[in-house]
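Written out below as structure tokens is the structure these notes cover.
The values are calculated or read from the model by the stated rules, or taken from the named source; none is laboratory data. Quantities reported herein were computed from a predicted structural model and do not represent experimental measurements. Cβ atoms come from the backbone with ideal geometry, glycine included; neighbour counts cover every protein chain shown.
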Amino acid sequence: MLPILLYLLKANVALLLFAAAYFGLLRRLTFFTLNRAYLVFALLFAAVYPALPMPALLPAEATPTVVFAMVEATGAAPGAAPAVPVAPAIDWAAVGVALYAAGAAALLARLLVQLLALARLRRRARPAVVQGLPVRVLDEPISPFSFWQTIYLNPEQHATLELAAVLRHEQVHVRQWHTLDVLLAHLAQAAAWCNPAAWLLRRALLDNLEYLADEAVLETGLVDRRAYQYSLLRLSHAAAAPYLVTSFTFPTLKNRVIMMNSPASALAQTGRYLLALPLALGLALGVGAALSPAAAAPSTLAAPGPAVYYLDGKLSDKATVDALDPKSIAFMNVLDEKQARQVFGAASGSVAIIVTTANQNSDAVLALNKKMDKVAPLVPATPEQKAAIAAAQEYLLKTYPNAKVHFIGPGRKTDPAAPRYRAEFEDGGQTKQQYFDAKGQPVGSATAGKPVGAVAPAAQSVPYLAAPALAYITQHYPAARLLGVTELKAPNGSPSRYQAQIVIGRRPGYVLFDGAGQFISESYASSAAH
């Protein structure tokens with residue numbers, strides 16, 4: 001799943017949970033300050049927590065790291081069907097993200113237009129002092145409203161007592177910085193526009209701000225409750241204020257009257273907050289942990305990251321490599337991110353593409369090859385090189401039938417007359433080296449190297465897997481993890497077969513290949529069937 005999709009899923013689930021807890025337990029309580037804190041926390045939490053690292057609820061089972069020495073096969077099996085180009089599939093996840101972003105952009109654009117309309121309105125209004133309070137006066141009929149630290153109204157529309165109530169109401173909005181809540185609610189609605197919970201929470205937050213202001217007006221004792229409610233009813237027929245602001249007139253006037261006439265909630269009802277907040281918070285964190293990707297074990301089938309290029313042992317770039325004549329390329333190799341870190345150090349976190357031309361005996365190339373010997377073999381680029389590598393491999397398997405080949409690649413010596421290829425393999429409890437000429441014929445006898453115990457444990461018991469076999473697994477099982485390879489020797493002396501053990505999710509499977517890496521069969525029962 002794309003990280004942005006995972007973020008949106010977590011955030012929208014959190015909004016749904018907080019909205020359900022609010023409307024189910026808190027909406028009718030008269031603790032308006034606590035309700036304001038709950039609603040603001042819900043919007044901020046839903047926006048922040050999906051971006052925080054969350055431990056996976058069900059971590060994946062650890063699997064051992066497996067190192068494979070891949071040798072290019074000499075050719076396709078007889079009768080094998082030619083590769084058919086596959087049209088690129090539509091990335092529906094990217095399409096969904098684009099549509100979601102378009103909706104959010106439209107609502108953000110509308111919010112910007114509303115802010116610009118308020119700026120124009122401010123320029124038309126003139127500053128004045130009404131009943132001792134600084135305001136901005138408008139000449140046209142309009143419902144009074146406040147935005148940021150400014151009150152806007154037309155004092156000619158109100159009687160003296162009503163004007164005092166209006167000013168007291170809007171002064172509460174200004175002093176308690178209700179505009180911040182309004183902007184947060186509109187931003188949350190734009191970011192989660194397809195989630196009904198975002199719209200419900202925005203409406204609930206705006207309603208609660210009006211309840212706070214109404215309560216402050218009535219607590220002064222200067223305004224009769226019934227007279228104040230009739231004033232609200234009269235003002236609801238006035239010209240509407242801008243949509244964005246905390247307007248005196250809005251469609252939920254009925255709820256405002258109900259809340260003003262409701263008895264104060266008992267102090268014991270605050271226990272609902274001790275239930276609603278931990279419940280919504282715990283469920284949101286639980287869902288987030290369940291959705292968090294498990295810490296998967298290293299896999300040789302992982303998709304590579306952005307690539308860095310090395311040409312003739314030196315750092316280069318994609319454009320330079322693309323401009324090369326294919327005939328001039330002697331060897332190529334691709335290191336995944338883990339292999340690149342082993343060769344180039346911890347600072348390297350990208351896939352590395354190694355290209356060698358006719359300068360394969362230069363100091364830079366030889367030094368780089370020495371580092372890569374134990375990480376990944378070089379893949380020959382020309383038919384002659386492929387034939388030489390295949391001949392060397394065939395010689396080793398015939399001469400040392402129990403050998404496990406770790407590496408076949410260019411020799412390290414700079415003398416052009418020196419052997420062209422070097423092989424490293426395990427035989428009889430030791431690692432050995434064998435040199436070959438340009439045609440893959442052996443030069444001298446194999447020389448013993450270090451004991452097997454010095455070889456990396458991950459490579460000791462794993463035979464090589466031919467490149468077509470790995471390509472087959474990658475193509476047909478893109479979501480699989482490769483756990484290991486077992487060599488199956490035939491009792492009648494026939495060529496060995498190689499069984500790859502894979503796991504798809506938690507379902508194990510086995511895929512059987514011949515020595516050239518061509519597919520034979522598959523099984524999801526057990527390896528004994530082979």
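Given the structure, is Thr220 β-branched (Val, Ile, Thr) and closer than 26 Å to Arg122 by Cα? So Thr220 does not fit the description; no. Of the residues making up segment 409-420, at least one is at pLDDT below 65, under 26 Å from Arg341 (Cα atoms), touching a Phe, Trp or Tyr at 6+ places or on another chain (Cβ under 7 Å) and outside any strand (DSSP E or B). The single condition among (1) surrounded by fewer than 18 Cβ atoms within 10 Å (Cβ to Cβ); (2) within 51 Å of the chain's Cα centre (by Cα); (3) part of a helix (DSSP H, G or I) that Pro242 does not satisfy is (3).
Of the residues Trp199, Trp193, which single one is touching a Leu at 6+ places or on another chain (Cβ under 6 Å) and surrounded by fewer than 19 Cβ atoms within 10 Å (Cβ to Cβ)? Being touching a Leu at 6+ places or on another chain (Cβ under 6 Å) and surrounded by fewer than 19 Cβ atoms within 10 Å (Cβ to Cβ) holds for just one of Trp199, Trp193, which is Trp193. Go through the residues of segment 180-202 one by one and say whether even a single one is modelled with pLDDT of 90 or more and more than 30 Å from Leu9 (Cα to Cα). No, every residue in segment 180-202 fails to be modelled with pLDDT of 90 or more and more than 30 Å from Leu9 (Cα to Cα).
Applying a threshold of 8 Å to beta carbon distances and a minimum spacing of six or more residues, or different chains, the list of pairs starting in segment 268-291 at a residue that is of a type in the set (Lys, Arg) and ending at one that is outside any helix (DSSP H, G or I) and at pLDDT 85 or above reads Arg272/Leu29.
With respect to Arg136, determine if the residue is basic (Lys, Arg) and surrounded by 11 or more Cβ atoms within 10 Å (Cβ to Cβ). For Arg136, the condition - basic (Lys, Arg) and surrounded by 11 or more Cβ atoms within 10 Å (Cβ to Cβ) - is met.
Checked against (1) surrounded by 18 or more Cβ atoms within 10 Å (Cβ to Cβ); (2) within 19 Å of Ala390 (Cβ to Cβ); (3) modelled with pLDDT of 75 or more; (4) in contact with a Gly (Cβ under 8 Å, 6 or more places away or on another chain), Pro495 passes all but a single condition, namely (1). When each of Leu222, Leu212, Leu180 is tested for being aliphatic (A, V, I, L, M) and under 38 Å from the mean Cα position of the chain (by Cα), the lone residue that passes is Leu180. Return the total of residues in segment 287-316 being modelled with pLDDT of 80 or more and outside any strand (DSSP E or B). So the answer is 1. Out of all the residues in segment 42-65, is one or more in a loop (DSSP other than H, G, I, E, B) and at pLDDT 90 or above? No, segment 42-65 contains no residue that is in a loop (DSSP other than H, G, I, E, B) and at pLDDT 90 or above.
Please count how many residues of segment 256-287 are farther than 16 Å from Leu39 by Cβ and basic (Lys, Arg). Final tally of qualifying residues: 1.
Counting just the residues of segment 13-36 that are of a type in the set (S, T, N, Q) and modelled with pLDDT of 90 or more, which one comes out surrounded by the fewest Cβ atoms within 10 Å (Cβ to Cβ)?
In this case the residue turns out to be Thr33.
When residues of segment 147-165 are filtered for being under 19 Å from Arg234 (Cβ atoms) and touching a Ser or Thr at 6+ places or on another chain (Cβ under 8 Å), how many remain? Here the count works out to 3.
Restricting the first member to segment 94-122 and to residues that are at pLDDT below 90, and the second to residues that are in a helix (DSSP H, G or I), the beta-carbon pairs closer than 6 Å and six or more apart or on different chains are Val97/Ile4.
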